Amino acid sequence: MRKFTRKEFKVISAAVACYGLMFIGTGIAMNNHETTVVQTSYSLGVYQNKVAESKTNEIKLKDMTLEVNNPLSVDIKDYLEDYANLDESVLKALKLDTSNVNPQEAGTYTYTISYKRKKYNGVFKITEKELPKINITLKNLTLKKDSVLDTNLSTYIHEKISDEVAKNIVLDLSNVKTNVEGTYQYTVTYANKIYTANIEIYTPQAPTVITPNTDQQTTNSETTNSETNNQ
């Protein structure tokens with residue numbers, strides 16, 4: 001049966017009411033002529049058919065993204081596109097497999113959802129943690145030959161840095177040869193950006209040693225003795 005709108009329902013109700021008044025008027029008129037009137041009652045039923053929501057068996061997977069060192073979701077609905085329209089029996093039969101995804105290491109992985117004998121593969125990206133934005137300025141250093149290279153970041157970086165930033169900085173001194181004089185480049189890497197500066201290795205000059213002139217001292221001594229003897 002067709003579903004009536006509210007407007008149609010009001011029109012039908014008004015029509016029925018008018019017909020009822022007509023019947024009553026006819027009965028009164030006929031009573032005036034002493035005629036028996038048989039009144040007939042009419043009822044109007046309005047029915048609404050509930051339309052079942054359409055469901056689908058089509059399985060579509062999302063491309064997933066998660067920041068490194070966060071737990072993976074175990075709710076299969078999080079991996080499905082428009083899961084609300086998926087047939088309930090299909091949804092219950094799905095199996096999620098994220099064993100190939102390593103949430104502790106950034107990269108692109110594949111996860112799987114199985115339905116009966118069919119497998120659907122989805123993409124799961126583990127992204128690096130967004131690090132604080134800072135300015136880094138490196139120092140140019142001068143070191144004596146055979147010095148031991150310091151690994152303290154404050155030796156190389158002008159700015160004061162937090163512990164979180166320090167943990168994500170990579171200091172590379174591998175090109176610096178402290179046993180050979182010269183100028184070498186070192187690097188600091190942070191948030192995928194490389195900073196460079198120089199370290200100069202030098203050999204300290206030996207101090208100048210002034211030795212006394214022994215011949216002059218001997219001559220002076222002889223002269224003094226000669227003068228004494230003459231007196």
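Rule-based calculations on the coordinates, nothing more; no lab input. In this text, all values refer to a predicted model and were calculated from it rather than measured experimentally. All Cβ positions, glycine included, derive from the backbone under ideal geometry; neighbour counts span all protein chains shown.
Some observations on this one:
- Selection from Ile136, Tyr115, Ile126 lying farthest towards where the dipole of segment 104-145 points positive, charges on Cβ: Tyr115
- Virtual spin-label span in nm between Ile134 and Asn70, 7 Å along Cα→Cβ: 2.4
- Amide H contacts of Thr187: Asp172, each under 5 Å away and 5 or more positions distant or on a separate chain (H built 1.01 Å from N in the peptide plane; Pro and chain starts excluded).
- Estimated vicinal HN-Hα couplings, Hz - segment 181-197 in sequence order (Karplus 6.51, -1.76, 1.60; Gly, Pro = x): 5, x, 10, 10, 9, 10, 10, 10, 10, 8, 6, 6, 10, 10, 10, 10, 7
- Once backbone amide H atoms are built at 1.01 Å from N, Glu67 has Thr127 as its partners under 5 Å, excluding neighbours fewer than 5 places away on the same chain.
- Leu80 long-range amide H proximity, modeled H, under 5 Å: Lys62
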